[in-house]
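Asker: My questions will all concern the structure given below.
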Amino acid sequence: MTPTRSTYLGLFFVTLATITYEILLTRIFSVTLYYHFAFVAISIAMFGMSVGAVAVYALPKLFTSEKTARHLAISAALFSWMIVIAYLIERKIPLAGNSWISGYGSISLIYVIVAAPFIFSGICVCLALTRYPKYTAKLYSVDLVGAAIGCLCIIVLLLYMDGPSAVVATAAIAAIGAIVFASAQGARVASAAAVTLVAMTVLAGASIYATRIGKPFIGILYAKETTETDILYEKWNHFSRITVSPNLGMLPFGWALSSTYHEDRTPRKELWLRMDAMAATSITNFDGDFGDVRHMKYDIVNSVHYFRPNSDVLVIGSGGGRDILSALAFQQKSVTGVEINQDILKTVNGKFGDFSGHLDRYPNVTFVNDEARSFVTRQTRRFDIIQVSLIDTFAASSAGAFVLTENSLYTTNAWKIFLSKLSDRGILTFSRWYYPSRPAEVYRLTELATESLLQSGVTDPRSHILLLETPVRVQTINLPTGVGTILVSKNAFTAEDVEFAQQLAAEMNYKILLSPISSSDPMLERIASGKNFDAIAADYPLNIHPPSDDQPFFFNVMYLHSLFRPDLIPQGVMSHNTYAVYVLAWLAVTVVVLTTLCILGPLMLTTDRKMLSGSRPKFIYFSGIGFGFMLVEVSQMQRLVVFLGHPTYALAVVLFSLLVFSGIGSLVCSGISGQRAATRQLGLLLLALIAFGATTVSVTGAFAASTTPIRIAIAIALLAPLGFFMGMAFPLGMQWISEESPALGPWLWGVNGATSVCASVFAMVIALAYGISASFWVGFACYALATGAYVLGHRATSQISVKEVAAVA
């Protein structure tokens, strides 16, 4: 059989729609579910596609070669319809969080529904890649390039429309694929495909219009476990979904106001700016009268301003502008606010600029749209204060899928950069939640400060650290809640600084947890000594080791081996981070079971056992490249989150680069024939992996201070040769089986997809436990195993052929 032009073009649109929908689901799930479920979306998508491949293998009488073109059109059309149907059903399922059983039940139901469209995508792609064995390399190249364009398509879609409308637009893209496939079929199939495209286009247009006039009809119904009300403004982008609503809580707002503040009962206007329905920042109504915001001087997160008046201030994560306004209330000399999300700046200073007081118009205020860590690295000036107030991963900063809760601001590598950009009188201050009975996060913060100081050449780190705490006045959770604010000085705190801290604590009713001369907690005193980190951490049941760029998981304090300690889950408002490890374990078990079913199920249905003869090396090969590709991909996505500064950048750059250059490699592979030539290409792949693994850390470190476009270019340059050779592995395998056992093609394609599902989860497990580098090198080992299976499999086939010839002779 020979593919037509419509086969290539139809496959392009279907794979484009598939990857677009996969990534879009991570955005949708970031809003509707908790962030640690969002990264599962792509795993479930790949599982659905694997089921589609298994269906092709298990139902040979239905999916006959003669009807391949017809089934391509039908499966593409069904994929389009199921995208919309699955979303409309999923949006009506609330997240039941009253118990673990109901919570897992609702999540499982959602994922079964979400996986359904990908079954039809899997059928379509599997048919295209296995029914034309002589053209697999070219078709696979088109598959990868279509997927690569899909990585960029999601950015464009969310630039002009909301998430639900983008879902329907993605279904329209899939319908275009159905139209192309159907162009060579009968009138009935072509008409059905045309109706699908028209329906999706009209529905997408209607949804976009309805959303713009404030009357969405397929919008988000449930955000996390609640329904949303009083939404004043909504904006989607590839970073997050932003909403603005009235602040109905305590007025005036403060993260942790001193008990000495006697609240003014005069009503104040406050707005909540939320990212992905959970991470919130306050937009304070300001008309130029600093007397109306005097409560900010009682918030412990702003205590640093008392120590360093008349300062040049850098605020990382300007959000709703509260820290900017606080610095102005303290009459600081200048304040620079860095915010990575451009739409947040537009919302605060543009859409609600009159409400917030147009802080961007103050001559001593500068707002910068940039990734904070690279921005700070590039600075030649020095700051007297660098402030980071309760910036965390409440929203899905793992929106890029697979990355869970990395945060490049909370690593020793980052803090060494911050400390180097302080003036001689400079102070770095971070604020985190503090629970007296669950102080793991503050312990880890102190470990992070201590280790960063030691690596910066400080011999007595404790003399550089002040740690203050005050209770939160309104309790919204069971545990007693507070906020701990750490002040890390470039030079040692003076006796006057320490005395002032004691006076401030007395006046504000703050508690000094740690200072150069006192400590209320022996554990903090041991940590700040800078001695025996490993022994100190070993004494504590949660992970309080200082994170590094190789393990940038500050918020995940739960060890994998502590999964049987449910008493460790309660960590106050940050309990979702410990709960996330349980979700990861649950997911790992789930994908192992599903993958096993995908692999063994078809074998149980196979009646012709002779067909399976000699399939073991092929099974190992396709499993190896499935595990290897995903482990390498996910590990580099995690590493580039740190380098590029945001999961979305990492997702787009890694996926786009690997897919495009893998597509080029696959295209080149169409001209390679013979076992020796194929083995040489697999050997070059292993060499490329070794070179990449050996140089990536040093290269990214050398360009850490570069602008975002340059860092993206460096990332692409690093990934290009890797993707080129990785793209050859699958078509080389398909050439192999097309020569010896073509009937196994759909099953082995499914094996490749199913093992990729497993790898996407276990890449996270390995990185969390042993580091990103370990995850990468395990991926290398999988490719090495696959290469060995390829060589030994061909050698065994050659030996069998020799014996057969000898027997005939």
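The values are calculated or read from the model by the stated rules, or taken from the named source; none is laboratory data. The structure displayed is predicted, hence computed values, not measured ones. Cβ sites come from the backbone with ideal geometry, for glycine too, and all protein chains shown count toward neighbours. The area values use the complete protein model at the heavy-atom level, side chains included, leaving out ligands, DNA and RNA. Shrake-Rupley method; radii C 1.70, N 1.55, O 1.52, S 1.80 Å.
Asker: Given the residues F724, F692, F730, which is the only one that is under 30 Å from Q379 (Cα atoms), in a helix (DSSP H, G or I) and touching a Phe, Trp or Tyr at 6+ places or on another chain (Cβ under 9 Å)?
Answerer: On inspection, the qualifying residue turns out to be F692.
Asker: Kindly list the number of the only condition in (1) within 19 Å of I85 (Cβ to Cβ); (2) crowded, with 16+ Cβ neighbours inside 10 Å; (3) modelled with pLDDT under 95 that fails for L221.
Answerer: Of everything listed in (1) within 19 Å of I85 (Cβ to Cβ); (2) crowded, with 16+ Cβ neighbours inside 10 Å; (3) modelled with pLDDT under 95, L221 misses just condition (2).
Condition check ((1) within 21 Å of G626 (Cα to Cα); (2) surrounded by 24 or more Cβ atoms within 10 Å (Cβ to Cβ)) across all residues:
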{"site": "I710", "(1), (2)": "no, no"}
{"site": "P731", "(1), (2)": "yes, yes"}
{"site": "P742", "(1), (2)": "yes, no"}
{"site": "G771", "(1), (2)": "yes, no"}
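Asker: Please tell me if K134 is open to solvent by 10 Å² or more (accessible area, probe 1.4 Å), of a type outside the set (A, V, I, L, M), modelled with pLDDT of 80 or more and not in a helix (DSSP H, G or I).
Answerer: Details: open to solvent by 10 Å² or more (accessible area, probe 1.4 Å): yes; of a type outside the set (A, V, I, L, M): yes; modelled with pLDDT of 80 or more: yes; not in a helix (DSSP H, G or I): no.
For K134, the condition - open to solvent by 10 Å² or more (accessible area, probe 1.4 Å), of a type outside the set (A, V, I, L, M), modelled with pLDDT of 80 or more and not in a helix (DSSP H, G or I) - is not met.
Asker: What's the total number of residues in segment 418-462 that are under 24 Å from the mean Cα position of the chain (by Cα) and open to solvent by 20 Å² or more (accessible area, probe 1.4 Å)?
Answerer: 2
Asker: Quick one: is V765 open to solvent by 10 Å² or more (accessible area, probe 1.4 Å), part of a helix (DSSP H, G or I) and either modelled with pLDDT under 90 or β-branched (V, I, T) (or both)?
Answerer: Working: open to solvent by 10 Å² or more (accessible area, probe 1.4 Å): yes; part of a helix (DSSP H, G or I): yes; either modelled with pLDDT under 90 or β-branched (V, I, T) (or both): yes.
Taking the combined requirement at face value, the residue satisfies it.
Asker: Now, a different point. So how many residues does segment 212-231 have that are assigned to a loop (DSSP other than H, G, I, E, B) and touching a residue at least 40 places away in the same chain (Cβ under 8 Å)? If you could, list the steps in order and put the result at the bottom.
Answerer: From segment 212-231, those assigned to a loop (DSSP other than H, G, I, E, B) are 213-221, 224-225, 228-231; that's our starting set.
Still in the running and touching a residue at least 40 places away in the same chain (Cβ under 8 Å): 216, 218-221, 224-225, 228.
Count: 8.
Asker: Can you tell me which condition V198 does not meet? The list is (1) crowded, with 17+ Cβ neighbours inside 10 Å; (2) aliphatic (A, V, I, L, M); (3) modelled with pLDDT of 90 or more, and all the others hold.
Answerer: (1)
Asker: Being more than 30 Å from N237 (Cα to Cα), modelled with pLDDT under 95 and not basic (K, R) is true for just one of L479, L468, L487. Which residue is that?
Answerer: Testing whether each residue is more than 30 Å from N237 (Cα to Cα), modelled with pLDDT under 95 and not basic (K, R) leaves just L479.
Asker: Also, I was wondering about something else. Where residues in segment 484-537 are among the acidic types (D, E) and open to solvent by 60 Å² or more (accessible area, probe 1.4 Å), which of them is farthest from I417 (Cα to Cα)?
Answerer: It comes out as E507.
Asker: Could you look through segment 209-218, keep only residues that are within 29 Å of the chain's Cα centre (by Cα) and closer than 23 Å to I93 by Cα, and pick out the one that is least open to solvent (accessible area, probe 1.4 Å)?
Answerer: The initial filter retains those residues of segment 209-218 that are within 29 Å of the chain's Cα centre (by Cα), namely 211-212, 216-218.
Checking the rest, the ones that are also closer than 23 Å to I93 by Cα come to 211, 216-218.
Numbers: T211: 34, P216: 67, F217: 94, I218: 12 Å².
Per the stated criteria, the residue is I218.
Asker: Right, A178: at pLDDT 90 or above, part of a helix (DSSP H, G or I) and within 29 Å of the chain's Cα centre (by Cα) or not? Spell out how you get there, then give the answer.
Answerer: Numbers: at pLDDT 90 or above: yes; part of a helix (DSSP H, G or I): yes; within 29 Å of the chain's Cα centre (by Cα): no.
Here the answer is no, as A178 does not meet what is asked.
Asker: Give me the pairs: first residue in segment 516-529 and acidic (D, E), second residue open to solvent by 30 Å² or more (accessible area, probe 1.4 Å), beta-carbon distance under 6 Å, and six or more apart or on different chains, which are they?
Answerer: Pairs found: E525/S519.
Asker: Out of I316, I300, I need the residue that is in contact with a helix residue (DSSP H, G or I) (Cβ under 6 Å, 6 or more places away or on another chain) and either among the β-branched types (V, I, T) or closer than 18 Å to F355 by Cβ (or both). Which one?
Answerer: Result of the check over I316, I300: I316.
Asker: Looking only at residues that are over 30 Å from the mean Cα position of the chain (by Cα) and not hydrophobic (A, V, I, L, M, F, W, C) in segment 779-798, which one is most open to solvent (accessible area, probe 1.4 Å)?
Answerer: By that ranking, first place goes to R795.
Asker: Name the residue, out of S30, S43, S99, that is modelled with pLDDT under 80, among the small types (G, A, S) and open to solvent by 10 Å² or more (accessible area, probe 1.4 Å). Spell out the reasoning first.
Answerer: Details: S30 fails: open to solvent by 10 Å² or more (accessible area, probe 1.4 Å); S43 fails: open to solvent by 10 Å² or more (accessible area, probe 1.4 Å).
Of S30, S43, S99, the one residue that is modelled with pLDDT under 80, among the small types (G, A, S) and open to solvent by 10 Å² or more (accessible area, probe 1.4 Å) is S99.
Asker: Looking at segment 678-687, can you tell me whether even one residue there is assigned to a helix (DSSP H, G or I) and under 18 Å from V654 (Cα atoms)?
Answerer: Yes - at least one qualifying residue is present in segment 678-687.
Asker: Have a look at F564, F553 and point out the one that is in a loop (DSSP other than H, G, I, E, B), under 30 Å from S775 (Cβ atoms) and open to solvent by less than 50 Å² (accessible area, probe 1.4 Å).
Answerer: Unique residue meeting the criteria: F553.
Asker: In segment 288-318, how many are in a loop (DSSP other than H, G, I, E, B), open to solvent by less than 30 Å² (accessible area, probe 1.4 Å), more than 21 Å from Q502 (Cβ to Cβ) and touching a residue at least 60 places away in the same chain (Cβ under 8 Å)?
Answerer: The total comes to 2.
Asker: Right, next: When segment 589-637 is examined, which residues are found to be open to solvent by 10 Å² or more (accessible area, probe 1.4 Å), aliphatic (A, V, I, L, M) and at pLDDT below 85?
Answerer: Result: V589, V592, V593, L594, L597, I599, L600, L603, M604, L605, M611, L612.
Asker: From the list L682, L686, which residue is under 23 Å from S141 (Cβ atoms) and either of a type outside the set (A, V, I, L, M, F, W, C) or open to solvent by less than 10 Å² (accessible area, probe 1.4 Å) (or both)?
Answerer: L682
Asker: Would you pick out the residues in segment 730-768 that are in contact with a Cys (Cβ under 7 Å, 6 or more places away or on another chain) and among the polar types (S, T, N, Q)?
Answerer: Result: no residue meets the conditions.
Asker: Within segment 171-189, identify whether any single residue is under 30 Å from Y222 (Cβ atoms), open to solvent by 10 Å² or more (accessible area, probe 1.4 Å) and in contact (Cβ under 8 Å) with a residue 40 or more places away in the chain, and answer yes or no. So that I can check it myself, show each step before the final result.
Answerer: First, the residues of segment 171-189 that are under 30 Å from Y222 (Cβ atoms): 171-175.
Within this subset, residues satisfying the condition of being open to solvent by 10 Å² or more (accessible area, probe 1.4 Å) are 172-173.
Subsequent filtering for residues that are in contact (Cβ under 8 Å) with a residue 40 or more places away in the chain retains 172-173.
Checked segment 171-189: at least one residue is under 30 Å from Y222 (Cβ atoms), open to solvent by 10 Å² or more (accessible area, probe 1.4 Å) and in contact (Cβ under 8 Å) with a residue 40 or more places away in the chain.
Asker: When you check F776 against the structure, is it touching a helix residue (DSSP H, G or I) at 6+ places or on another chain (Cβ under 6 Å), among the aromatic types (F, W, Y) and open to solvent by 10 Å² or more (accessible area, probe 1.4 Å), yes or no?
Answerer: No: the conditions fail for F776.
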